[in-house]
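Novice: Sharing a structure below in C-alpha cells format, with a few things to ask.
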Amino acid sequence: NGSGKSTLLKIICGILKPSSGDVRWGGQALVPLSPRERAQLVAVVPQTPNIPGTFTALELTMMGRTPYLGLLQAESSGDLEIVQQAMELTGTWELANQPMDKLSGGERQRVLIARALAQETPLLLLDEPTASLDIAYQVAVLDTARAIQKERGGAILVAIHDLTLAAQYCHRIALLRDGVVYAQGNPREVLTSANVLEGYSTQVYILEHPVSGKPVVLPLPQEP
C-alpha cells in the first residue's frame, strides 16, 4: 500500500504527468498525445470506478467506443459488433441488458474489462482487478485477462497485492517500494524470501506450486 502502483498506472495512461523521464509505447511518446489519441493506445480498468447503477452492462461496455466517435455521433453496427465480441470474450454478453447495480462484484469487474476491450488498444491496464473479490471471482477475472492476452496479443499490466496470484498469471513481475522498482524479472527471480523481506518487511516461506511450478508465497507468523 502506498508504494506507487496506482500512480504508475496513472502516469502510463496520461492522467498524471511524470516529474522526469517519459512514457513510450512502440517508440511513441504518450504524454504529448491528446486524450482521444491516448485512449486509442491505452485502456484502463480502474480500482474504484464510479459506475452509474442504472446503466446496463451493454451501455457501459459501449462507452469503450467513445475514442472513435465524433461529437454526438451515434454508434454504428460495427461498434456494436466490437462490443458484443468484447462481452462474449469476458462472458458478459448474457448480462447485456442487466443494470450494473444488479450485478455481483465479479460480474461488474468483467463488464469493466469488456469496456476496456471495446477500446481495441494494444495496452490494457488493470488496477487491483481482484480486490474485494472471493477466490472464484479472482480466478475468473485473471483467467479472462490471460485469455484476452492470448487471443489479442499486446500487453496487460496489472497492479496487484496478492503475490501468489501474480506469480501464477504474470510473465514478469516488478516489485515497487516507495515509488522505486527494486526487483523485476520472471516470478521465480523476483519472488524470493529476501526480496519480499526487503520490500514488505515481512518474513515469508516460498513454496513451488505442485501444478504450475510457480512460486507460492506463505507468511511466517511471528512468535508471540
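The values are calculated or read from the model by the stated rules, or taken from the named source; none is laboratory data. What you are looking at is a predicted structure, and each value in this text was computed from that prediction instead of being measured. Positions of Cβ are backbone-derived with ideal geometry, glycine not excepted, and every protein chain shown enters the neighbour counts. Accessible surface areas use protein heavy atoms only, side chains included; no ligands, DNA or RNA. Shrake-Rupley method; radii C 1.70, N 1.55, O 1.52, S 1.80 Å.
Novice: Taking θ as phi - 60°, what are the ³J(HN,Hα) couplings along the stretch 201-206 by the Karplus curve (6.51, -1.76, 1.60), each to the nearest whole Hz, with x for Gly and Pro?
Specialist: Ordered by residue, 3J(HN,Hα) equals 6, 9, 7, 9, 10, 9 Hz.
Novice: How do 132, 201, 76 stack up against each other in accessible area, from largest to smallest, with a 1.4 angstrom probe?
Specialist: 132, 201, 76
Novice: Would you rank 10, 17 by solvent-accessible area, highest first, keeping every protein chain in place and using a 1.4 Å probe? Don't skip to the end; give the middle numbers.
Specialist: On the way: 10 90, 17 165 Å².
Ranked list, largest accessible area first: 17, 10.
Novice: Each residue of the stretch 122-136 in order: what ³J(HN,Hα) in whole Hz does its phi give by Karplus 6.51 cos²θ - 1.76 cosθ + 1.60, θ = phi - 60°, with x for Gly and Pro?
Specialist: x, 10, 10, 10, 10, 9, 6, x, 10, 4, 6, 9, 6, 4, 5
Novice: Can I ask one more? Simple spin-label model, 7 Å along Cα-to-Cβ: residue 171 to residue 76 in nm?
Specialist: 3.2
Novice: In Å², what does the accessible area per residue of the chain work out to with a 1.4 Å probe?
Specialist: Accessible area per residue, the chain: 56 Å².
Novice: Here's a follow-up. Please list, in chain and number order, the residues 5+ apart from residue 44 or on another chain whose amide H is under 5 Å from its amide H, with Hs placed from the backbone.
Specialist: Sorted by chain and number, the residues that satisfy this are 125.
Novice: What base-10 log of the normalised intensity I(q)/I(0) is obtained for the chain from the Debye formula, alpha carbons as equal point scatterers, at q = 0.14, 0.15, 0.17 Å⁻¹?
Specialist: Per q value, in the given order, log10 I(q)/I(0) is -0.94, -1.06, -1.29.
Novice: Apply 1/(1 + (r/R0)^6) to the Cβ-Cβ distance of residue 51 and residue 207, taking R0 = 30 Å, and write down the FRET efficiency to the nearest 0.05.
Specialist: On the way: r = 38 Å, r/R0 = 1.26.
Once the sixth-power term is evaluated, E becomes 0.20.
Novice: Here is a follow-up. In debye to the nearest 20, how big a dipole does the stretch 59-208 give about its Cα centre with +1 on each Lys and Arg Cβ and -1 on each Asp and Glu Cβ?
Specialist: 240
Novice: Let me ask something else. If you roll a 1.4 angstrom probe over the protein chains with everything in place, what fraction of the accessible area of the stretch 1-140 belongs to carbon and sulfur, to the nearest %?
Specialist: 52
Novice: Under the √(5λ) rule applied to the eigenvalues of the Cα gyration tensor, what semi-axes describe the equivalent ellipsoid of the stretch 1-106? Give them in Å, descending.
Specialist: The equivalent ellipsoid of the stretch 1-106 has semi-axes of 28, 19, 12 Å.
Novice: Pop out the ³J(HN,Hα) list for the stretch 21-33 in order, Karplus 6.51 cos²θ - 1.76 cosθ + 1.60 with θ = phi - 60°, rounded to Hz; leave Gly and Pro as x.
Specialist: Karplus-based 3J(HN,Hα) across the stretch 21-33 equals x, 8, 10, 10, 10, x, x, 9, 6, 8, 4, x, 6 Hz.
Novice: Which residue, chosen from 55, 23, 90, occupies the Cα position most advanced towards the positive end of the dipole of the stretch 1-93, where the dipole is computed from +1 (Lys, Arg) and -1 (Asp, Glu) charges on Cβ about the Cα centre?
Specialist: It is 23.
Novice: Amide H of residue 183 versus every other amide H placed in the peptide plane: which residues, excluding those fewer than 5 positions away on the same chain, fall under 5 Å?
Specialist: Hits under the 5 Å cutoff: 175.
Novice: Here's something else I'd like to know. Relative to the longest principal axis of the chain, what angle (0 to 90°, nearest 10) does the C-alpha long axis of helix 105-118 take?
Specialist: That works out to roughly 60 degrees.
Novice: Something else: Separation of the stretch 21-40 and the stretch 158-193 by C-alpha centroid, Å?
Specialist: 25
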